[in-house]
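The values are calculated or read from the model by the stated rules, or taken from the named source; none is laboratory data. The shown structure was predicted, so the numbers you read here are calculated from the model rather than taken from an experiment. Cβ placement follows ideal geometry from the backbone for every residue including glycine, while neighbour counts extend to all protein chains displayed.
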Amino acid sequence: MRVFILVAALLLSGCATQVIPTSQAREVGAGAIIAKPLPDGSETVIVKRGASFAGGACSDRVFADGKPIADLRPGEKVTFKLPAGRHIIGVAKQGICPGQLREISVEMAGGQTRTFFVDVSVHAEFVFQETAM
């Protein structure tokens, strides 16, 4: 019985939402960049995806003001610039996963860096939020 509980715990932990430090997330490859060139401005936006296996068969498409930026896989991040002002940062599931869209409105000024996190929780909830990590 103990072995069963241990195996179940290990399997579930692989699916749990795992916020990874921005420094440990891999920058997305050039082939996953949709916006060419990337937007430019004085404010930095980082969107990173958790390293969990949940939703791993699908990519997460990152949007800025409704325009696609890049597709993220587990453990990846995309870094881009925007001009100062109000922006809508969004993420939507791609591929065989349900196409849920999540958006956050942000006001950016003064050379800010804003970091956002996307993942799928152990309860199959699509998580998209700002993070300090």
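Overview of results
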item	result
Within segment 10-31, considering residues that are aliphatic (A, V, I, L, M) and at pLDDT below 95, the one surrounded by the most Cβ atoms within 10 Å (Cβ to Cβ)	A25
Positions within segment 77-90 being in contact with a Gly (Cβ under 8 Å, 6 or more places away or on another chain) and part of a strand (DSSP E or B), in sequence order	K81, L82, I88, G90
Members of segment 16-51 found to be of a type in the set (S, T, Y) and assigned to a helix (DSSP H, G or I), listed by number	T22, S23
Failed item, numbered, when P74 is tested on (1) at pLDDT 95 or above; (2) part of a loop (DSSP other than H, G, I, E, B)	(1)
Residue in segment 50-61 that is at pLDDT below 95, surrounded by fewer than 20 Cβ atoms within 10 Å (Cβ to Cβ) and among the charged types (D, E, K, R) present	no
Residue check, I104 touching a Ser or Thr at 6+ places or on another chain (Cβ under 6 Å), of a type in the set (A, V, I, L, M) and within 16 Å of F128 (Cα to Cα)	no
